[in-house]
Amino acid sequence: MTFGIDFGTSNSVVAHWNGHTTEVLPVDGDNVPAQWQMSEFEQLFPSVLSVRDLQRTLCFGWEAKTGTSEPLDAVKRMLGTRSGAEKDGDVDGLEVAAQLEEHHVWVGSEKFHSTVAAASLFSRMKEGVSAQLLDLSDAVVTVPANATGGARYRTRAAAALGGVKVRALLNEPTAAAISYAHDVPIPGRFLVFDWGGGTIDVTVLEYDDGLFEEQTSRGITALGGLEFDNALAQLIQQKIGLTANRLTKAERRRWRRSVELTKIALSSVPMDGALFFDLPVGLAPSISRREVRITAAEYTEAITPLVTRALEPVQQALADLAITPEDIDSVLMIGGTSQIPQVRHALGELLGHDRIVDSGLCRPMTAVARGAAIYAASLDGELGDDSDFSLVTSYDLGTAVSAGEQKGFRAIIRRNATLPAEGSANFYPDTPGASFVRVPVIEGEVGYPADSDRAFPLANIEVDLPTREQDIRRNKIEIKFRYNESGILRFTATHAATGKQLAEREIDSFGPDGTPLQHGLDDELTRLLAHTVRPFADGSSNVRHFSAAESANARPAPIDMSVRTVEADPAITVNGEPQGVVTRGL
């Protein structure tokens, strides 16, 4: 069985190739609340885990997203960012240790690596597929086109920990283009605008006679639906004079659920229309109003800066190729955020409304998983045609060089090189008589320093030398880097004078300690999943429970309602009244 997984910031999707076509597997479809019964939503698995309030046991997906418990979401973002870039302490309710290479998160009263939290989501998807009598033992997994090397390895490590072997890592926009071209096999140049819950990717591809060739890719790693929730929450706060510190935890949960549902409802409101945001009952008793009127015009004004910023990678992609909008044949809009009317309108104004493909031909929520499953089928030789794929690198790969007060950046493999891609460079010891050569490995961008925010250090490799030499030229080594078809990086080091190979390995570790991501995480995942209810045949269960008292006393985790998202549960009531959003045309 051939599977594809779209592991998303807000939602994940599993699809498989059944020998004839792709099918999306609703691994958590039975748990979708009534308020969330929307197109394609039953096929989504929310990338959320949480601890139930009463039982203090672990839950996932829709229950974690819409229940009353404390949610842990946007784990995918943590796989692609450096925790050291954040301030020490709590960020959005998640404890971040500033000196660690990985984020650490609190689940209940216990601390876990973000890779382990992501692995638990893969494990739950695997269980959901098993319930349909299928074996999700391996899959093609998608990543943002602009995902750093660290994000790619952490994603692969998380999937492997969760019991899913990654056959290949496929860029999300490319997967969407594969899905579309498989259904509508018309050659041309596609621009894929992929904007979901957490990241935005813009990729230009050429498709002809079964061949997909990535030409360039640009993006923003932390811009998506979460920021739209933030903008709407701030708008409502301004209208009612409410600040986050006046809300209890329970009130914040209800608030966030209502905010996201309102955001979705606003997508169907005409520009001259409005709707009412119903304040949850019991929310801030000093507020006399029970509802707030939000016009489409007000919402548009609030999100315009986000939409404007989202167009920047589109313009960068066109500049990379020195092309104009007229050179684009079709525009594919993927991800939930891309379907916001203001976003579709803005992109249509820039590229031409007639070039935007109808969402019925390229399903925005499931196209990425479908494309991954089709790619997996091609790896298995199941497509029965000559389909081929040509992918490119998303960053300049290089090293740091001395450049005055800053570290200069020297590229070894340039951005947009077709995979597999190779490059080499010569290195020398820093000082005479040295016993090793230090090789900084950096993903960056030509024209920017190696210590700028455009650079991401992958590794700092030390290659042992066969002898110590006073003349550093006698210890020249050649370093060769090679990306394989999945974007996995290997390097070899050869002593130039003797031709002896000094080192060869895959770059599978990040940070100063060089510890592989998989090291020690198996036991940690077992400890986390031990809190999941798994009933035995006799109806009993063996499960650990998080201590509610310990959770409250050991690590209070205040939540920033303007950033985190947890959606509404129609079953929630306060004083007998349902909580949620009521939309009424005006």
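The length gained on full extension between Gln316 and Asp522, counted as 0.36 nm times the residue separation minus their Cα-Cα distance, comes to 70.1 nm. With a simple spin-label model that places each label point 7 Å from the Cα along the Cα-to-Cβ direction, the separation between Asn460 and Lys165 comes to 3.6 nm.
Positive end of the dipole of region 396-484 (Cβ unit charges, origin at the Cα centre): among Val446, Pro420, Ile472, the Cα lying farthest that way belongs to Pro420. Between the amide H of Arg56 and any residue lying 5 or more places away or on another chain, no distance stays under 5 Å, with hydrogens modeled in the peptide plane.
Take the alpha carbon atoms of region 289-312, find their center, do the same for region 22-48, and report the distance between the two centers in whole angstrom. If you average the Cα positions of each part, the centres end up 27 Å apart.
Computed extension length for Arg410-Gln470: 19.0 nm, one decimal, from 0.36 nm per residue of separation with the Cα-Cα distance subtracted.
Rounded to the nearest 0.05, what FRET efficiency do Gln55 and Tyr428 give with R0 = 56 Å and r taken as the Cβ-Cβ distance? Could you check?
Here the calculated transfer efficiency is 0.35.
Which pairs break 25 Å Cα to Cα here: Lys111/Lys263; Lys407/Lys476; Lys407/Lys480? Don't jump to the answer; show the numbers that get you there.
Values: Lys111/Lys263 32 Å; Lys407/Lys476 21 Å; Lys407/Lys480 21 Å.
From the list (Lys111/Lys263; Lys407/Lys476; Lys407/Lys480), the Cα-Cα distance tops 25 Å for Lys111/Lys263.
Between the beta carbons of Glu478 and Ser130, assuming R0 = 35 Å, the FRET efficiency works out to 0.15 to the nearest 0.05. The stretch between Ala496 and His353 holds 45.8 nm of extra length on full extension. This uses 0.36 nm per residue minus the Cα-Cα distance. Label-to-label distance, Glu40 versus Ser267, with points set 7 angstrom from Cα along the beta-carbon direction: 0.8 nm. Starting from the Cα gyration tensor of region 319-470, take the square roots of the eigenvalues, sort them a ≥ b ≥ c, and report rounded, prolate or oblate (rounded when a/c is under 1.5, otherwise prolate if a/b is larger than b/c, else oblate). Taking the square roots of the gyration eigenvalues as a ≥ b ≥ c, region 319-470 is prolate. Once you reduce region 401-456 and region 326-359 to the center of their Cα atoms, the two points are 37 Å from each other.
Highest mean packing first, where packing is the average number of other Cβ atoms within 10 Å per residue, the peptides 170-178, 257-265, 192-200 line up as 170-178, 192-200, 257-265. A viscosity of 0.890 mPa s and a temperature of 25 °C, combined with the Kirkwood radius over C-alpha pairs in the Stokes-Einstein formula, give region 396-484 a diffusion coefficient of 178 µm²/s. Only Lys, Arg, Asp and Glu carry charge here, each on its Cβ (+1 for the first two, -1 for the last two); on that basis region 396-484 has a dipole of about 260 debye about its Cα centre.
Coordinate-derived values only; no laboratory data. Everything numeric here is computed off the predicted structure, so don't read it as measured data. Cβ: placed from backbone, ideal geometry, glycine included. Neighbour counts: every protein chain shown.
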